[in-house]
Amino acid sequence: MTSLLKGFLGKASERWATQLGLPGLLFLTLCWSAYRLGHADALNVRLLLDGSADVVDPAARSDVRVAVRLALGVVFAALAATVVGLAVRELGSVVQKLWLGEGRWGLGRARTDPVTGASAPTSGIGARFGRLHGDIGAYYSLDLAAAWPRLWLVLPESARADLTTVSAGFRQAAEAQAWGLLCLPVACWWWPAAVPAAVLIATGWGRGRAAAEEFATLVESVVDVHGAALATALGFDCPDGRLTPETGQRVSDHLARRRPLRRRPPRPAAADPARGPAEN
């Protein structure tokens, strides 16, 4: 039990350091540099080091209070880095929605689907997922949005692991761009911060496009290989062992079913004391 707990704590601390702690500490260092230097002394490293050393009182460097101040500073920095990292995760979700063209401020021009009436992006990262839904619908007559949760249940573990890995890469790319967007306001006080901001924004966009292409290709492959398993699991026959447009349409119609809500039968009018005889 002790070894299991140590392994869990070790993995948790490693994930915190790589995903939240280290990026957050680097961002706090960037903010500290902007606070100490500004535009006038943007590249004055000596001023930055001297200002950092002044945090510790030179007259009390041998005192125990110095150790306490340093410990409190480390704890505060770790907590602040964690808060910033969690905020960037939420901002990364917003970036993903912008990439995919969701919401009013989605990136890329939009077009209206003549069949569903939905608005789909025609440019940017979201366009690749729009083509994915269109291609699956055109070739298999399958509503991918409705079928995907059921298809996930019949996938083998290896396919799920591949999809999860690519999806995590897409999320990390969005978070990288979110870090870049967070660095942009810092550049208003310290212009060198514009360099990591531009690098992170460009890197996140490039990695996001690559991850979107890889994920869409993998989803197409999953439908090609396991689409028949989905139809069979839902009770539809696939004699040739492959999903046909006819079967895909039947699956889509099956998933699009609407069940009416069960309503209580109305009470007899005579049983309602609020209504008079004339109303009955």
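The values are calculated or read from the model by the stated rules, or taken from the named source; none is laboratory data. Since the structure is predicted, the reported quantities are computational estimates derived from the model, not experimental observations. Reconstructed Cβ throughout: ideal geometry from the backbone, glycine too, with neighbour counts over all protein chains shown. To get the accessible areas, we keep the full protein, side chains included, count just its heavy atoms, and leave off ligands, DNA and RNA. Shrake-Rupley method; radii C 1.70, N 1.55, O 1.52, S 1.80 Å.
Leaving out ligands and nucleic acids, note down the accessible area per residue over the stretch 110-251 with a 1.4 angstrom probe, in whole Å².
Averaged over the residues of the stretch 110-251, the accessible area is 51 Å².
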Going by accessible area, probe 1.4 Å, with all protein chains left in place, what is the ranking of His39, His226, largest first?
His39, His226
With all protein chains present and a 1.4 Å probe, the order of Val94, Val83, Val186 from largest accessible area down is Val83, Val94, Val186
Using R₀ = 30 Å, calculate the FRET efficiency as 1/(1 + (r/R₀)^6) where r is the Cβ-Cβ separation of Ala210 and Thr164; round to 0.05.
0.95
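Sorting check: for 166-178, 213-225, which peptide has the highest mean count of neighbouring beta carbons within 10 Å, and how do the rest follow?
The densest-packed peptide leads the list: 166-178, 213-225.
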